[in-house]
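Student: Okay, handing you the structure first.
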Amino acid sequence: MREKFFNTEGPMKPEQHYAIPSFARIDWQEIQCLIERERYFLLHAPRQTGKTTAMLEMVKALNEAHHYQAIYLNLESSQVARNDAELGDRQFCDTLLQGVRANYPGLFDERAARQIIAEAASMQRFRALLSWWALNSTRPIVLFLDEVDALIGDTLISLLRQL
């Protein structure tokens, strides 16, 4: 077994890293109330303080309770879209499809999802995909979007409007 160390890059893995559990640092009950009320919320803290780890732990807790379908998406790759909202929209959809494929295989029909994306209006693809998924999901969906602060201009505005 390897010796534990302090991690300053990427999500914490309790079996490998020294860590303070996320739920000891955030008000999990308040966040659950916000989720139950279908409210948006923001985790704001300095870099390398455990925001991603906290989101991953919340996703796990919500999914284990079997009331919600929670998923984590890192939108950092869409930073390259800059003011190209069309490109950003396609990347948001790809990120969602890749996240589902990697973490929740069989959650929904990817071919049907791609058809929804193909038929959606320009810069409305992500909303169309999320709407289709919500209509076909057996549980309410909770999205945890990481690195939204990396987006700028029209790409950021397009994402926020579609949500």
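Student: When every alpha-carbon pair in the stretch 1-154 is counted, what percent end up more than 24 Å apart?
Tutor: 41 percent
Student: Determine one quarter of the surface area of the Cα convex hull of the stretch 14-97, which equals its mean projected area, and express it in nm² to one decimal.
Tutor: Dividing the Cα hull surface by four gives the mean projection, 7.3 nm².
Student: Also, I was wondering about something else. So which GluC sites (Glu not before Pro) in the stretch 2-107 end up in coil per DSSP with only 12 or fewer other C-beta atoms within 10 Å?
Tutor: Sparse-neighbourhood loop GluC sites (Glu not before Pro): Glu3, Glu9, Glu15, Glu38.
Student: Hey, can you grab everything whose amide H is under 5 Å from the amide H of Gln69? Only 5+ residues off in sequence or another chain; H modelled, so Pro and N-termini drop out.
Tutor: HN-HN under 5 Å from Gln69: Ile141, Val142.
Student: Residues of the stretch 1-114: accessible area per residue at 1.4 Å, in Å²?
Tutor: Accessible area per residue: 68 Å².
Student: Semi-axes of the equivalent ellipsoid of the stretch 7-48: what are they in whole Å, largest first, if each equals the square root of 5 times a C-alpha gyration tensor eigenvalue?
Tutor: Taking √(5λ) for each eigenvalue gives 25, 12, 8 Å, largest first.
Student: So how many Å³ per residue does the convex hull of the Cα atoms of the stretch 124-163 work out to?
Tutor: 61 Å³
Student: When only C-alpha pairs under 8 Å and at least 6 residues apart count, what is the relative contact order of the stretch 1-50, in percent?
Tutor: About 33 percent, as a whole number.
Student: For the stretch 1-141, what is the charge dipole size about the Cα centre, in debye to the nearest 20, if Lys and Arg each add +1 at the Cβ and Asp and Glu each add -1 at the Cβ?
Tutor: The dipole magnitude comes to about 100 debye.
Student: Subtracting the Cα-Cα distance from 0.36 nm times the residue separation, let me have the gained length for Arg139 to Arg47 in nm, one decimal.
Tutor: In short, 29.9 nm is gained.
Student: Same structure again: How much accessible surface does Trp28 have with a 1.4 Å probe, in Å² rounded to 10?
Tutor: 40 Å²
Student: What residues have an amide H closer than 5 Å to that of Gly50, excluding those fewer than 5 places away on the same chain, when H is modeled at 1.01 Å from N in the peptide plane?
Tutor: none
Student: So what's the projected area for the stretch 90-147, the Cα convex hull averaged over all directions, in nm²?
Tutor: 4.0 nm²
Student: Run a plain Debye calculation on the stretch 28-73 (Cα atoms as equal point scatterers, no solvent) and give log10 I(q)/I(0) at q = 0.18 Å⁻¹, rounded to two decimals, same order as the q list.
Tutor: Debye intensities relative to I(0), on a log10 scale: -0.57.
Student: Can you give me the % of accessible surface on the stretch 26-67 that is carbon or sulfur? Probe 1.4 Å, all protein chains present, nothing else counted.
Tutor: 51 percent
The values are calculated or read from the model by the stated rules, or taken from the named source; none is laboratory data. The shown structure was predicted, so the numbers you read here are calculated from the model rather than taken from an experiment. All Cβ positions, even for glycine, are placed from backbone atoms using ideal geometry, and neighbour counts span all protein chains on display. Areas reflect the complete protein model, heavy atoms only, side chains present, ligands, DNA and RNA absent. Shrake-Rupley method; radii C 1.70, N 1.55, O 1.52, S 1.80 Å.
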